[in-house]
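Notes follow the structure.
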């Protein structure tokens with residue numbers, strides 16, 4: 001008799017925050033957003049993708065972005081954060097995990113992100129190899145409060161649901 005075990009599901013959450021600085025391109029959710037400043041960081045500082053990476057790593061118990069891509073490693077200096085997500089996706093596949101969906105919230109007083117949310121969804125879905133409708137991107141302000149509200153920083157929070165397909169047993 002063939003017995004089928006149920007799939008295993010796990011949820012992870014990720015957060016990131018970076019200060020806005022002059023002289024850098026603003027990358028959010030894998031998309032270039034025209035703005036006078038960008039995000040400080042060892043890589044491109046994309047808080048959106050960093051939060052997604054951390055959410056996925058957390059769900060599978062593989063540490064965090066700083067462990068996998070340390071800022072002490074020159075290899076990751078000014079790296080495109082899309083590469084981080086691709087590396088993590090490969091590691092997931094090796095362990096038989098797949099991303100079911102991602103929900104990303106970007107916290108920024110400026111710039112207005114409404115025109116870029118669809119592009120961010122397409123980018124994240126494409127990198128993860130999942131359907132566009134399985135990714136959600138929201139933008140929130142901090143109503144003038146704190147470093148985000150005063151326009152000094154941008155932050156992101158992401159949650160990811162992962163599924164591990166189990167094999168049939170006899």
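Would you call residue 166 touching a residue at least 40 places away in the same chain (Cβ under 8 Å), surrounded by fewer than 16 Cβ atoms within 10 Å (Cβ to Cβ), out of contact with any strand residue (DSSP E or B) (no Cβ under 9 Å at 6 or more places or on another chain) and farther than 16 Å from residue 50 by Cα? No: the conditions fail for residue 166.
Residue 100 falls short on exactly one of the conditions (1) part of a loop (DSSP other than H, G, I, E, B); (2) over 22 Å from residue 37 (Cβ atoms), and that condition is (1). Among the conditions (1) part of a strand (DSSP E or B); (2) touching a residue at least 60 places away in the same chain (Cβ under 8 Å); (3) exposed (fewer than 15 other Cβ atoms within 10 Å of the Cβ), residue 138 misses just one, which is (2). Residue count for the stretch 54-68 satisfying the condition of being at negative phi, more than 14 Å from the chain's Cα centre (by Cα) and part of a loop (DSSP other than H, G, I, E, B): 2.
Each row is one residue, and each column tells you yes or no for (1) outside any loop (DSSP other than H, G, I, E, B); (2) in contact with a helix residue (DSSP H, G or I) (Cβ under 7 Å, 6 or more places away or on another chain); (3) buried (at least 16 other Cβ atoms within 10 Å of the Cβ).
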residue	(1), (2), (3)
10	yes, yes, yes
13	yes, yes, no
21	yes, no, no
34	no, no, no
38	yes, no, yes
42	no, yes, yes
48	yes, yes, yes
52	yes, yes, yes
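No value in this document is a laboratory result; all are computed from the given coordinates. Since we're looking at a predicted model, the values are computed, not measured. Cβ sites come from the backbone with ideal geometry, for glycine too, and all protein chains shown count toward neighbours.
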